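J.: I have a structure here, written as structure tokens, and I will follow up with some questions on it.
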Amino acid sequence: MIRFLHTADWQIGRQFATFDPEHAPILAEARISVVERIAALATQHAVDAVLVAGDVFDAQTVSERTIRRLFNALAGYAGPWLMIPGNHDAALAESVWTRAQRLGAVPANAHLLLAPSPALFAAQGFAVLPAPLTQRHTYGDLTGWFDTAETPPGLLRIGIAHGRVQGILSEDIDSANPIAPDRAQRARLDYLALGDWHGCKRIDARTWYAGTPEPDRFKANDAGQALLVEIAAPDSEPVVTSLAVGQYRWQLLAAALQVPSDMDALQAQLDALGPRDVVDLRVQGRTDLGGLQGLKAAIGRAEARARHLQADLSTLQLVPTDEDIAGLQADGYLGELLTELRDLQSGSDAAQARTAQDALALLAGALARRLPTTASSATAGAGAAEVIATSSASATTSAGASRP
Ligand SMILES: [Mn+2]
């Protein structure tokens, strides 16, 4: 039985520049600590090698300290680490890899497979066919040479590549680099370890994307794992087991508020968030003043517990109730205006009703902010647009859109 741990897309040095400066370094640090956990898993499962299928580094320009720290993070596993460059860390003439070598940062058990030629690990019972990217984008299939590559009989044939399996993955992947979907079969590979797609994905019994071990996108694509690959003998079908290894749970929380129970459900979801959650909250639909106040309070509580919460309430509409309006204590001209807007809002002209509704929400929001009881509250706010903009801005101090 030969065992591998397959991982990829560590993207070490990623900055998370659109995030709050308080959160970004913590998310960046998590990418180093997940490598330490991968090393511990490799030791625990007594694997014969760790296959790292490209994009180890996020950029060629990562700092010297980052390079050293990455290789230090491998220390928990003494067996071979087999790494290929991906599109983010392509094996250019001068690259992050040549810098690492010059620094003397690469330990003896880390094998940088920078050229497309077989690497034999006869003692462990396998041969590796690497398809390193030597530029960021290529339009030919770099795994083509696997088909005719000779390897000693009796050794497993393991391919490692970084790119997009043609005709199977959506366009939502960050490189052109094509890979034939039937490469494992054509090249008689026992296993083809792929990188580039950030989710964990099976292409066929012998071809997998491990995905990034520490999630880095809000997309739900099953990231946060490493793959344990067990192969009994050459030509045996691999047994592939995903191992959860990521620290943070990135998630998109999308809510459309129509009835009061929708708001209750959303607030319960927010109240359930904890320190491992990285959340993109998007709320649309409609709510009254009380609901908005409650939502903003729940966001405030959740922000303090989650690792990161960004909220977009820009399409949430404030629709004041009769009680909301009575509570505004508007009299004189403002009272008359409110009454007139409410009449228009329930009128038969749909366009006018919609305009009146918007105006009413703006006015009610502005008046609510005036009230002593709500002025002291951080939550009851300005006019609908303003409330929402304020709430959005306060809740998204770390949102991408709010920072260049
Ligand atoms: Mn990539």
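The values are calculated or read from the model by the stated rules, or taken from the named source; none is laboratory data. Note that the structure is predicted; figures quoted are calculated from it, not measured. FYI the Cβ positions are ideal-geometry reconstructions off the backbone, even for glycines, and counts take in every protein chain you see.
J.: Sort out which residues of the stretch 62-84 are within 16 Å of the ligand (Cβ to nearest atom) and more than 17 Å from residue 133 (Cα to Cα), and write them in order of number.
T.: Keep residues of the stretch 62-84 that are within 16 Å of the ligand (Cβ to nearest atom), which gives 62, 83-84.
Listed by number, the list holds a single entry, 62.
J.: Based on this model, can you work out whether residue 113 counts as in contact with a Phe, Trp or Tyr (Cβ under 9 Å, 6 or more places away or on another chain) and either touching a residue at least 24 places away in the same chain (Cβ under 8 Å) or under 19 Å from residue 212 (Cβ atoms) (or both)?
T.: Here the answer is no, as residue 113 does not meet what is asked.
J.: Across the stretch 314-336, which residue is farthest from the chain's Cα centre (by Cα) among those that are of a type in the set (Val, Ile, Thr) and closer than 17 Å to residue 354 by Cα?
T.: Kept after step one, since they are of a type in the set (Val, Ile, Thr), are these residues of the stretch 314-336: 315, 319, 321, 325.
Cutting the leftovers down to closer than 17 Å to residue 354 by Cα gives us 315, 319, 321.
Working: 315: 24, 319: 34, 321: 39 Å.
Per the criteria, the residue is 321.
J.: Suppose the filter is within 16 Å of the ligand (Cβ to nearest atom), part of a helix (DSSP H, G or I) and either surrounded by 16 or more Cβ atoms within 10 Å (Cβ to Cβ) or outside the structural domain of residue 156 (by TED's automatic domain parsing) (or both); does residue 10 pass it? First the steps, then the outcome.
T.: Working: within 16 Å of the ligand (Cβ to nearest atom): yes; part of a helix (DSSP H, G or I): no; either surrounded by 16 or more Cβ atoms within 10 Å (Cβ to Cβ) or outside the structural domain of residue 156 (by TED's automatic domain parsing) (or both): yes.
Here the answer is no, as residue 10 does not meet what is asked.
J.: Moving to a separate point now. Does any residue of the stretch 198-216 turn out to be within 16 Å of the ligand (Cβ to nearest atom) and at positive phi?
T.: yes
J.: Look at the stretch 31-77 and say how many of its residues are of a type outside the set (Gly, Ala, Ser), assigned to a helix (DSSP H, G or I) and in contact (Cβ under 8 Å) with a residue 60 or more places away in the chain. Steps first, answer last, please.
T.: Quick first cut of the stretch 31-77, residues of a type outside the set (Gly, Ala, Ser) only: 31-32, 34-38, 41, 43-45, 47-48, 50-52, 55-58, 60-62, 64-72, 74, 77.
Still in the list and also assigned to a helix (DSSP H, G or I): 31-32, 34-38, 41, 43-44, 64-72, 74.
Going one step further and asking which of them are in contact (Cβ under 8 Å) with a residue 60 or more places away in the chain, we end up with 31, 34-35, 37-38, 41, 70.
Total meeting the criteria: 7.
J.: Kindly indicate whether residue 105 is under 26 Å from residue 123 (Cα atoms), away from the ligand (no atom under 16 Å from the Cβ) and not aromatic (Phe, Trp, Tyr). Can you show your working first?
T.: Working: under 26 Å from residue 123 (Cα atoms): yes; away from the ligand (no atom under 16 Å from the Cβ): yes; not aromatic (Phe, Trp, Tyr): yes.
Spelling it out, residue 105 is indeed under 26 Å from residue 123 (Cα atoms), away from the ligand (no atom under 16 Å from the Cβ) and not aromatic (Phe, Trp, Tyr).
J.: Let me ask something additional. Just one of the numbered conditions (1) modelled with pLDDT of 95 or more; (2) farther than 30 Å from residue 42 by Cβ is not true of residue 292; which one?
T.: If we test residue 292 against (1) modelled with pLDDT of 95 or more; (2) farther than 30 Å from residue 42 by Cβ, just (1) comes out false.
J.: Of the residues 142, 113, which single one is under 22 Å from residue 57 (Cβ atoms) and away from the ligand (no atom under 15 Å from the Cβ)? Outline the logic, then answer.
T.: Values: 142 fails: away from the ligand (no atom under 15 Å from the Cβ).
None of the other options fit; the residue is 113.
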